[in-house]
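Right, one structure below, let's go through it.
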Amino acid sequence: MLIWTITLVAVCICIALILNLWRLIQGPSVSDRILALDTMYINTIALILLYGMYTGSALYFEAALLIAMLGFVSTAALSKYLLRGDIIE
């Protein structure tokens, strides 16, 4: 039963990733594209965590943590660049 649930949730997250990719490509503004990229990071983390639960390995949880940190830093850097035009002052 748990395997079917993980598979169903993974399919739903993959659909969300496809919709985020569509928003990333066709976003009307740069801020919409940045938010779509940030949401893609979150969905990727969810997929990695689901795969870690499916395999029973704790290694995937550490990989998800690394991707979460990179996603936060890249979103903050892109937002700062969008607001000020320079990342390092």
Quiz item: Given a cut-off of under 8 Å on Cα pairs at least six residues apart, what relative contact order in percent is computed for the chain?
Solution: 24 percent
Quiz item: Rounded if a/c is under 1.5, else prolate if a/b is larger than b/c, else oblate: which is segment 1-53, with a ≥ b ≥ c the root eigenvalues of its Cα gyration tensor?
Solution: prolate
Exercise. Before rounding to the nearest 500, sum -39500 (n - 2.57) across all DSSP H runs of length at least 4 in the chain and divide by the residue total; then give [θ] at 222 nm in deg cm²/dmol.
Key: -31000 deg cm²/dmol
Self-check item: Net lengthening on full extension, Ile87/Leu21 (0.36 nm per residue, minus Cα-Cα)
Solution: 21.2 nm
Self-check item: Alpha-carbon spread of the chain, three principal axes, descending order, Å
Solution: 50, 27, 11
Self-check item: Two-site label geometry, Val30 and Leu8: point separation in nm, points 7 Å out along Cα→Cβ
Solution: 4.3 nm
Exercise. Find out how many positive minus negative residues lie around Ile34, taking Lys and Arg as positive, Asp and Glu as negative, among other residues whose Cβ is under 12 Å from that of Ile34.
Key: +1
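Read-outs throughout are calculated quantities, based only on the coordinates presented, and are distinct from any laboratory measurement. All values derive from a computational prediction rather than experimental measurement. Cβ sites come from the backbone with ideal geometry, for glycine too, and all protein chains shown count toward neighbours.
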